[in-house]
1. Can you tell me which residue is surrounded by the fewest Cβ atoms within 10 Å (Cβ to Cβ) among those in segment A:298-314 that are more than 15 Å from residue A:256 (Cβ to Cβ) and modelled with pLDDT under 95?
2. Just to check your reading of the model, which residue among A:129, A:141, A:133 is surrounded by fewer than 20 Cβ atoms within 10 Å (Cβ to Cβ) and under 24 Å from residue A:79 (Cα atoms)?
3. Of all strands (runs of 3 or more DSSP E) completely enclosed by segment B:75-182, which ones contain at least 2 residues that are at the interface with chain A (Cβ under 9 Å from one of its Cβ atoms) and touching a residue at least 12 places away in the same chain (Cβ under 8 Å)?
4. If you check B:47, B:12, which single one turns out to be on the phi < 0 side of the Ramachandran plot, within 15 Å of ligand 1 (Cβ to nearest atom), surrounded by 15 or more Cβ atoms within 10 Å (Cβ to Cβ) and over 19 Å from the mean Cα position of the chain (by Cα)?
5. Do any residues in segment B:49-60 that are touching a residue at least 12 places away in the same chain (Cβ under 8 Å) have Cβ atoms under 7 Å from those of residues that are in a helix (DSSP H, G or I) and within 13 Å of ligand 2 (Cβ to nearest atom), where the two are at least six apart or on different chains, and which pairs are they?
6. Scan segment B:209-228 for residues that are over 13 Å from residue B:36 (Cα atoms) and either within 14 Å of chain A (Cβ to nearest Cβ) or within 16 Å of ligand 1 (Cβ to nearest atom) (or both) and jot them down.
7. Here's a check for you: in segment A:358-379, which residue that is in a helix (DSSP H, G or I) and surrounded by fewer than 16 Cβ atoms within 10 Å (Cβ to Cβ) is nearest to the chain's Cα centre (by Cα)?
8. Please enumerate the residues belonging to segment B:57-92 that are within 14 Å of ligand 2 (Cβ to nearest atom) and surrounded by fewer than 23 Cβ atoms within 10 Å (Cβ to Cβ).
Ligand SMILES: Nc1ncnc2c1ncn2[C@@H]1O[C@H](COP(=O)(O)OP(=O)(O)O)[C@@H](O)[C@H]1O
Ligand SMILES: [Mg+2]
């Protein structure tokens, strides 16, 4: 007998935004998966069946480009990173048999397991300061041969800080990122993907959030051929909370995927998930699968997840699939919203009727659409840089149209 | 002297039932500083006229012309018309999520003038206009029309009218849905724009009410897609007393 499963519809449904339709373009409303907490995990790739591409976790992805990351040997040696010395942060490499490894989760898919068993060392970023500084870790040297990597980000009790992982250059990478937020800590982790056009990047994030701690988790995916970042965030102790954001802009031929999973384990935990994406250009494809599990002991949970996609041209595809499982009756709120809308001609007309050119009007609207996420990042310098990057992305894909 | 001239304008829209002809030969000439009221029953095509002048893509021009100082507007894009000096205050202003009022206004002003306004003077003008329209400063940081009440949306339209300083403005039922106080505030804004810039106005309205505050030089009765009768301000009074019935006989609008 399978454990009882409840897949609840939205507890509250937001009014539909002007110009958006409350439906998902290409995805079905609910996914018939087993209870998320029962999904198979293992740190060894061989424990997973060979990937066919039909599995739910792979069904949207262009497997021809990434199958090797699930099946073939990877280079697990250390690739150096660049990080300034910042008070309250330390950066070093730890052995892969260190006690920290595995404390935030275990692989749920074959690429993640393949990377787990190959990475020789893990990059260890520790936040201990209580002043709330910012550390940027630049990861640029992966190259185009298949590689594995492992990162552990650890926030000490009551610490505060922002850790930004910046990715650029070539990549052919499967990796795991563990995030440990100890009691009372307030940690922001931002992962920014501005890879070269050919880059392949499969990243599984595992986070565990302790008592009264908060994790702000932000994914920004702009560049790369196939970029998938799947964060699993476990709220394991009373009062733990997370704000999970995502921002992605897919242009012609690009595949960007993100599957946030929020696991409410303990009582009085809170989560907010908000992902926004724009698509422009033939073959631009984005996937968002948002799982929220409210476990049997998670009384008093307050959760809300949403995903909105803005389609800027023909020939794109946005899959958006919210999935909510509730195993306790005693919650504060659990809701979801998902929408994929075309560019709104009435908005365009309104702006143009004030003298603004069509191109600039489009830029204004897209920038406005994505600004909601950019403003949440919590690093003024990065926010400013990303506003410019999004603008550049828009101009580039407009020009390619 | 600027002149906006509408000649034999014919406009249709595509509907599920096929092409629908709405404007059936509209003739109107508006001079600088003149106020022309257009009054007519619901569905007679007043908004269609407004949209067609502004260049809304849904409305197809079948014939006729709209010229501003001799220059054809109908072949221009929407933004080109605005930069040439046309303005439409919409019956239902559109919400633009994520774009703040202040960013929107500055972008529009820059587009219309061809250069960014000098910061200091711009802020001063913006503050003064907002104050006169009784719009709280907090509106500057709000997203365009998002969550605005009906009255706030109309004030926001008039704010744009004052700041963008067009030559001719079409006001599409700017008065509808306003209480008396808001009606006065909005009317004063229109009158200020007229006094400051010699604005020519095409004032579309369903009711006589606004004409007490914005005095028309001419009144046109609009029925079934064309001007059925024209006269001076006294015509508006007569319409208020008699209604549109005598114009509707024999027309297919009812
Ligand atoms: N976009 C449209 N699609 C279909 N029918 C339209 C559209 N716009 C206007 N109409 C029709 O054209 C006629 C005139 O409409 P409108 O110009 O809005 O009139 P008014 O503003 O005088 O009330 C109405 O019958 C209306 O239903
Ligand atoms: Mg109308």
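The values are calculated or read from the model by the stated rules, or taken from the named source; none is laboratory data. Computed from a prediction, not measured in an experiment: that's the story for all the values here. Note: ideal-geometry Cβ built from the backbone for every residue, glycine included; neighbour counts use all protein chains shown.
1. A:314
2. Sole residue among the options that is surrounded by fewer than 20 Cβ atoms within 10 Å (Cβ to Cβ) and under 24 Å from residue A:79 (Cα atoms): A:141.
3. Once the strands (runs of 3 or more DSSP E) in segment B:75-182 are filtered for at least 2 residues that are at the interface with chain A (Cβ under 9 Å from one of its Cβ atoms) and touching a residue at least 12 places away in the same chain (Cβ under 8 Å), what remains is B:86-89, B:96-100.
4. Checking each option against the conditions leaves just B:12.
5. Final answer for the pair search is B:59/B:48; B:59/B:51; B:59/B:52.
6. B:223, B:224, B:225, B:226, B:228 - these are the residues of segment B:209-228 that are over 13 Å from residue B:36 (Cα atoms) and either within 14 Å of chain A (Cβ to nearest Cβ) or within 16 Å of ligand 1 (Cβ to nearest atom) (or both).
7. Once the filter is applied, the top-ranked residue is A:359.
8. B:58, B:59, B:91, B:92 - these are the residues of segment B:57-92 that are within 14 Å of ligand 2 (Cβ to nearest atom) and surrounded by fewer than 23 Cβ atoms within 10 Å (Cβ to Cβ).
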